[in-house]
C-alpha cells in the first residue's frame, strides 16, 4: 500500500489545496459568487438554486464541499416559523488564499517565451472576466 498525502505534506498545505479544490468546479465557484454578492440578506439554497440549474441534492453536495473546505459558513435561522440553513462567505479562508497568491506573485517572474504560448492562450480567457457580476448572467 502506498503512502498518503498526510505522510508527505503539512496540514497547512493539504488544507490550502482543499480550498483551491473546492472552488475549482464551476457550480461551486458560481455558488460562492452568489453568496458573496448578496450583502443585504442571508442566502439560502433556494436563492442559489434560482441561479444554478442543478437539482437541490446536487447543489447541496457542492455547498457541503464549500463548507467542509472552510470557504463558507452556515447557520440555521427561523423564517416564518420554518428553520432554514443560510450561507455566508468565510473571510478568513479568502485571506489565506490572498496571502498565498501574493506570496506566489512576489516569487514568480514570468518571462516572455514562445514555448509558453499555451499560457498566453489560457490567460486571455481569464482577462475576459473583469466584471464578476457578469457570471450571474446565463
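The values are calculated or read from the model by the stated rules, or taken from the named source; none is laboratory data. It should be emphasised that the depicted structure is a prediction, and the values quoted were computed from it without experimental measurement. Virtual Cβ from ideal backbone geometry, glycine too; neighbours counted across all protein chains shown.
Does the stretch 65-91 hold any residues that are free of Cβ contacts under 8 Å to residues at least 24 places away in the same chain, more than 12 Å from residue 42 (Cβ to Cβ) and surrounded by 12 or more Cβ atoms within 10 Å (Cβ to Cβ), and which are they? I'd like the intermediate steps shown before the answer.
Of the residues in the stretch 65-91, the ones free of Cβ contacts under 8 Å to residues at least 24 places away in the same chain are 67, 73-74, 76, 78-83, 90-91.
Next, from what is left, pick out any that are more than 12 Å from residue 42 (Cβ to Cβ): 67, 80-83, 90-91.
Passing the criteria: 67, 90.
Per-residue answers, yes or no, for (1) in contact with a helix residue (DSSP H, G or I) (Cβ under 8 Å, 6 or more places away or on another chain); (2) at pLDDT below 85; (3) assigned to a strand (DSSP E or B):
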| residue | (1), (2), (3) |
| --- | --- |
| 63 | yes, no, no |
| 67 | no, no, no |
| 96 | yes, no, no |
| 119 | no, yes, no |
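Looking at the stretch 49-58, is at least one residue surrounded by 14 or more Cβ atoms within 10 Å (Cβ to Cβ) and within 30 Å of residue 103 (Cα to Cα)? Break it down into steps so the answer makes sense when it comes.
In the first step, residues of the stretch 49-58 are kept if they are surrounded by 14 or more Cβ atoms within 10 Å (Cβ to Cβ); the result is 49, 51-52, 54.
Restricting the remaining residues to those that are within 30 Å of residue 103 (Cα to Cα) gives none.
No.
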Q.
Checking the conditions here, which among 49, 17, 24 is assigned to a helix (DSSP H, G or I) and under 16 Å from the mean Cα position of the chain (by Cα)?
A. 17
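Taking residue 18 as the residue in question, decide whether it is on the phi > 0 side of the Ramachandran plot and surrounded by 12 or more Cβ atoms within 10 Å (Cβ to Cβ).
Details: on the phi > 0 side of the Ramachandran plot: no; surrounded by 12 or more Cβ atoms within 10 Å (Cβ to Cβ): yes.
So residue 18 fails the test.
In the stretch 27-46, which residues are part of a helix (DSSP H, G or I) and either touching a residue at least 24 places away in the same chain (Cβ under 8 Å) or within 11 Å of the chain's Cα centre (by Cα) (or both)? Steps first, please.
Within the stretch 27-46, the first condition is being part of a helix (DSSP H, G or I), and the residues that meet it are 27-37, 45-46.
Matches in the stretch 27-46: 27, 28, 29, 30, 31, 32, 33, 34, 35, 36, 37, 45.
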